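Participant: Quick one: the structure is below, and I'll ask about it shortly.
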Amino acid sequence: MTTPPNLFRRFVPALALGIALLAALEWGLPAAGIPAYLLPPPSRVVAAALQPEVRLLDHTLTTANAALIGLAAGTLIAFTLAIAFLFVRPLEDALYPWVLLGQSLPSVALAPLLTIWLGEGLAPRAAMAALFASFPLLIATISGLRRPAPEQLAMMQAYGASQWQILRLLRLPAALPFIFSGMRVAGALAVIGALVSELSGAGRGLGYLITTSTYRLATDRAFAAIAAAAGLALTLHGLFLLLERTIVYWERER
């Protein structure tokens, strides 16, 4: 089992590399003569993030709210479709190409349409987050539900288990590692989806802050918003990783 200290040591190299890169940017950018409005040093980004008028925390909470609602909706959609595809194979044959087509649509072009259809506010941002999050989770859930070997399915059927009992007792436990892997990806994509919607037109949120700061050449504020979005995505990733290690305890050794 990977203990917390061992788990922490796994991230030490990445943390050390990040500190080294920040130090190199802090001292290297001014030495190279790069203007701060083009690429600000990390200290200016931190200073911009702490400015009260930037309201970075408010914008972060707005984006987080849209991302979480979209993630919940995308999870519900993915689970519903995965179970339906499992039990009704013709339904998968009919719908899956359209699901794939929907995932292939350019999100930058779709975001303004969602704003027209759903109006301004939370709805279009949450809808875009749901679209981004649902597809990878759907693929992961389908793969996990079909993970059990035919011999395992035949044994449960021989004992008279119904399809729902097989789903609950065999397929879902086998699918949990896949589901949590999909959730980690879906969480990050939900944040990206909310950002894309905010970039196309919103009155608040990290995407709105990035857009307005870029127009004003306040790149330190834009980078602060980008860092906040990355932190939000990493937080969701870490949360699902922690839940996976707690719930799917039999996979820790792997």
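The values are calculated or read from the model by the stated rules, or taken from the named source; none is laboratory data. For clarity, every value in this text was computed on a predicted model and none was experimentally measured. Glycine also receives a Cβ, built like all others from the backbone with ideal geometry; neighbour counts cover every protein chain displayed.
Participant: Output the number of residues of segment 87-99 satisfying the condition of being surrounded by fewer than 12 Cβ atoms within 10 Å (Cβ to Cβ) and either in contact with a strand residue (DSSP E or B) (Cβ under 7 Å, 6 or more places away or on another chain) or aliphatic (A, V, I, L, M) (or both).
Facilitator: Result for segment 87-99: 1.
Participant: Name every residue in segment 184-204 that is out of contact with any His (no Cβ under 9 Å at 6 or more places or on another chain), within 14 Å of residue 71 (Cα to Cα) and among the aliphatic types (A, V, I, L, M), in order of residue number.
Facilitator: Across segment 184-204, the qualifying residues are 186, 189, 190, 191, 192, 194, 195.
Participant: Residue by residue through segment 23-36, note down the ones that are closer than 20 Å to residue 218 by Cβ and not in a loop (DSSP other than H, G, I, E, B).
Facilitator: 25, 26, 29, 30
Participant: Continuing with this model, one more query. Among the listed residues 198, 244, which satisfies the condition of being more than 23 Å from residue 82 (Cα to Cα), of a type outside the set (A, V, I, L, M), in a helix (DSSP H, G or I) and within 20 Å of the chain's Cα centre (by Cα)?
Facilitator: Among 198, 244, only 198 is more than 23 Å from residue 82 (Cα to Cα), of a type outside the set (A, V, I, L, M), in a helix (DSSP H, G or I) and within 20 Å of the chain's Cα centre (by Cα).
Participant: Sticking with this one: Check whether at least one residue in segment 72-88 is over 26 Å from residue 175 (Cβ atoms), within 17 Å of the chain's Cα centre (by Cα) and in contact (Cβ under 8 Å) with a residue 24 or more places away in the chain, and report yes or no.
Facilitator: No, segment 72-88 contains no residue that is over 26 Å from residue 175 (Cβ atoms), within 17 Å of the chain's Cα centre (by Cα) and in contact (Cβ under 8 Å) with a residue 24 or more places away in the chain.
Participant: Among the listed residues 95, 170, 153, 110, which satisfies the condition of being free of Cβ contacts under 8 Å to residues at least 24 places away in the same chain, in a helix (DSSP H, G or I) and either in contact with a Cys (Cβ under 6 Å, 6 or more places away or on another chain) or closer than 28 Å to residue 61 by Cβ (or both)?
Facilitator: The unique qualifying residue is 110.
Participant: Determine which single condition residue 61 fails, assuming it passes every other condition in (1) within 23 Å of residue 232 (Cα to Cα); (2) outside any helix (DSSP H, G or I).
Facilitator: (2)
Participant: Considering each of 48, 20 in turn, give the residue that is of a type in the set (A, V, I, L, M, F, W, C) and loosely packed, with under 12 Cβ neighbours inside 10 Å.
Facilitator: 20
Participant: To continue, here is another question. Please indicate, with yes or no, whether at least one residue in segment 203-221 is at pLDDT below 90 and touching an Asp or Glu at 6+ places or on another chain (Cβ under 8 Å).
Facilitator: Looking for residues that are at pLDDT below 90 and touching an Asp or Glu at 6+ places or on another chain (Cβ under 8 Å), one finds at least one in segment 203-221, hence yes.
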